[in-house]
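K.L.:
Right, I'll just put the structure down here and ask away after.
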Amino acid sequence: MRVLREEDRLSLNFPIQRGTRCESSEALIDGLGVEPIECYRPSEYLALLGTSTDVAGLVPDFRVLEALDLHGVIVTAHGESKDFVSRFFAPKSGIDEDPATGSAHCTLSPYWADKLGKDILTATFCITIKINMYLLIHYNIIQI
């Protein structure tokens, strides 16, 4: 994988992954402690919540999430100062919460690009350390 440096930013290209809408399972709801507004199933679950505060305030049960059939759970909401916010949980892979994962943005970027009608997006992770991302969609590739 090639990494490009542009001033103080690093940039990588990833393939886009679109999810199929699905029902939120009881296990997913129990693991998150909240019922998502929408749920999608690409290579990991994508759960849409109402606000960025909802995403930031989640206290997931990692042992319940670890038992899900997919390797991770992406939680997202429309942002206030950014286009969207997110968190990524992958306890099945030994990472309760990943502070900055490109693979989650392979799914998040096309979802929010479609919803907002934009090809250039800004995002942040809702964790203690704020990590900002700038995303550009080129056909079937997402540049992060």
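The values are calculated or read from the model by the stated rules, or taken from the named source; none is laboratory data. Being a predicted model, the structure only gives us computed values, none of them experimental. With ideal geometry, Cβ positions are generated from the backbone for all residues, glycine too; neighbour counts draw on all protein chains shown.
K.L.:
Quick one: which of 125, 84, 89 is farther than 19 Å from residue 15 by Cα, within 13 Å of the chain's Cα centre (by Cα), at pLDDT 90 or above and of a type in the set (A, V, I, L, M, F, W, C)?
P.N.:
Details: 125 fails: at pLDDT 90 or above; 84 fails: at pLDDT 90 or above.
None of the other options fit; the residue is 89.
K.L.:
Can you name every residue in the stretch 31-43 that is in contact with a Ser or Thr (Cβ under 7 Å, 6 or more places away or on another chain) and assigned to a loop (DSSP other than H, G, I, E, B)? Give the derivation first.
P.N.:
Residues of the stretch 31-43 that are in contact with a Ser or Thr (Cβ under 7 Å, 6 or more places away or on another chain), as a first pass: 35-36, 39-42.
Answer for the stretch 31-43, where residues must be in contact with a Ser or Thr (Cβ under 7 Å, 6 or more places away or on another chain) and assigned to a loop (DSSP other than H, G, I, E, B): 35, 36, 42.
K.L.:
For a quick check of your reading: which strands (runs of 3 or more DSSP E) sit entirely within the stretch 48-107 and have at least 1 residues that are within 16 Å of residue 38 (Cα to Cα), in contact with a Cys (Cβ under 6 Å, 6 or more places away or on another chain) and of a type in the set (Lys, Arg)?
P.N.:
Because the criterion is at least 1 residues that are within 16 Å of residue 38 (Cα to Cα), in contact with a Cys (Cβ under 6 Å, 6 or more places away or on another chain) and of a type in the set (Lys, Arg), the strands (runs of 3 or more DSSP E) in the stretch 48-107 that meet it are 84-90.
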